[in-house]
1. Under the √(5λ) rule applied to the eigenvalues of the Cα gyration tensor, what semi-axes describe the equivalent ellipsoid of the stretch 1-118? Give them in Å, descending.
2. With r as the distance between the Cβ atoms of Glu240 and Glu163 and R0 = 41 Å, compute the FRET efficiency 1/(1 + (r/R0)^6) and round to 0.05.
3. Quick one: 3J(HN,Hα) in Hz for the stretch 47-61, Karplus 6.51/-1.76/1.60 with θ = phi - 60°, rounded, Gly and Pro as x.
4. Per residue of the stretch 200-211, what does 6.51 cos²θ - 1.76 cosθ + 1.60 with θ = phi - 60° give for ³J(HN,Hα)? Whole Hz please, x for Gly and Pro, Karplus curve as stated.
5. Just need the relative contact order of the chain here, percent rounded to a whole number, with Cα pairs under 8 Å and 6+ apart.
6. So what does log10 I(q)/I(0) come out to for the stretch 277-430 at q = 0.13, 0.17, 0.19 Å⁻¹, using the Debye formula with one equal point on every Cα and no solvent?
7. Sequence-distant or interchain residues sharing an amide H contact under 5 Å with Thr61, placed H: which?
8. Taking the Cβ of each residue in Thr212, Thr245 as the centre, tally the other Cβ atoms inside 10 Å and list the residues starting with the fewest.
Amino acid sequence: MNAPYSVSDYSHLVQRDRVHSAIYTDPAIFEQEMARIFHRAWLCVGHEAELPNPGDFRATTLGRQPVVMVRGDDGQVRVFMNRCRHRGMTVCETETGNARFFTCWYHGWVYSNTGPLQDVPGPAGYGADFCKDDLGLTPVPRQASHRGFVFASLAPDGPSLAEHLGPAARYLDIYMDASPLGQIAVTAGVHRTRYRGNWKFVGMDGYHPHYTHRSVLDAWRRRPGGNMADTHHGDPFADESGNLTRDLGNGHVLLDFLPGRSANLDRYLDTLRRQPQGEQYIQAMLDTYGEARGRELLAWAGDPHVGVYPNLQLIGVQIRLVRPLAVDDTEVLMFPGLLQGVPDSINSMRLRQHESFYGPAGAGSPDDAELFERNQEGLKADVEPWLHLGRGLNRERLEADGTRTGLIGDETTQRGQLRGWLRLMSETPA
Ligand code: FES
């Protein structure tokens with residue numbers, strides 16, 4: 001069967017209520033995703049709080065290109081291409097650590113953690129026109145941040161980060177403002193999932209929990225206090241819950257649990273009060289943010305459940321970064337964020353909640369990974385290649401600000417992500 005698309009026009013693949021499965025299975029489309037999305041759009045590299053001390057670094061990739069995010073001795077966080085200016089070897093060989101200098105193991109060029117080339121072996125072999133000042137580590141073409149979330153783009157031009165985030169920025173604020181200081185520590189490590197499936201399967205699906213996570217939901221119903229269910233009212237994934245799916249534009253989407261959580265706030269506050277010094281945390285939030293905003297932030301429970309397209313998701317306590325490795329191979333990194341300025345008991349409670357669902361022995365995310373792999377397997381049967389994504393189209397609302405809203409189990413989020421995908425894939429690389 002001939003593919004119903006060309007490498008310059010994908011509009012046929014994403015339609016009003018259906019999507020062609022080639023976008024999850026075709027290696028040629030994956031190559032174009034690398035070029036048009038991951039090597040061009042704003043990607044989240046991480047959070048500055050991962051690097052509390054001068055010299056702290058984490059090496060990662062933007063698409064396929066190796067980079068290192070490092071806090072320099074001057075306190076500034078920068079993202080550099082992880083490539084020696086001599087013959088191109090990576091200069092940072094470990095994923096995380098602390099270094100005043102990055103020394104290339106090939107011929108020994110030495111770079112400071114703020115970027116400049118400090119030293120080369122055998123300097124007498126270079127003439128007077130050799131200028132170390134011109135040969136420092138190469139910064140990513142564009143870097144910007146919002147509330148400590150560090151973003152980078154490999155394209156020299158394009159929309160600003162603020163334009164890219166749009167209404168999604170306020171949900172990064174909600175994540176940070178679960179702390180009365182508006183600050184987090186990202187020092188609790190990371191755990192990761194790698195599954196044999198496409199990267200676009202990850203997250204923001206309010207339709208699947210009743211089936212994929214049925215045993216977890218049953219357990220929530222039976223367990224008293226102190227677990228994630230305590231932040232919710234009744235069944236948070238029921239159409240009648242009042243909870244919503246939102247398409248914020250640019251591929252950013254949200255599972256909005258605020259309606260149900262607001263209805264359940266007093267019960268959740270009782271859960272917080274049962275923690276040692278829990279009342280102190282509640283009062284600190286009200287003192288910092290005022291009664292109305294403080295109660296709203298407490299109802300959010302630091303869980304905006306937002307997907308910032310294409311690679312950042314803030315779910316529960318975690319900063320989740322999605323790394324596509326191949327069309328059918330994806331790694332997901334989950335960094336728990338610890339709230340600053342709160343009693344230890346609050347962070348302990350949040351971590352236990354996180355582990356119960358998302359940890360390596362958690363009751364939730366291993367099921368997701370298994371389903372993603374089965375999904376990828378099923379897509380090999382492509383005699384009928386179209387996937388249905390029409391749930392909730394009959395009741396989706398277009399809001400005055402241009403965002404779209406559906407019920408919690410509606411596929412407003414999937415359609416929003418795919419609109420963002422199509423927009424990025426349709427832009428001509430500079
Ligand atoms: Fe780095 Fe030669 S490639 S010093």
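1. 38, 16, 10
2. After rounding, the FRET efficiency stands at 0.65.
3. Going residue by residue, I get 10, 4, 5, 5, 10, x, 10, x, x, 5, 9, 9, 8, 8, 10 Hz, with x marking Gly and Pro.
4. 6, 6, 6, x, 6, 10, x, 8, 8, x, 4, 10
5. The value is 21 percent.
6. -0.87, -1.27, -1.38
7. The answer is Val67.
8. Thr212, Thr245
Computed from the coordinates by the stated procedures, all read-outs in this text should not be read as laboratory data. Every value quoted in this text rests on a predicted model; they were computed, and no experiment measured them. Cβ: placed from backbone, ideal geometry, glycine included. Neighbour counts: every protein chain shown.
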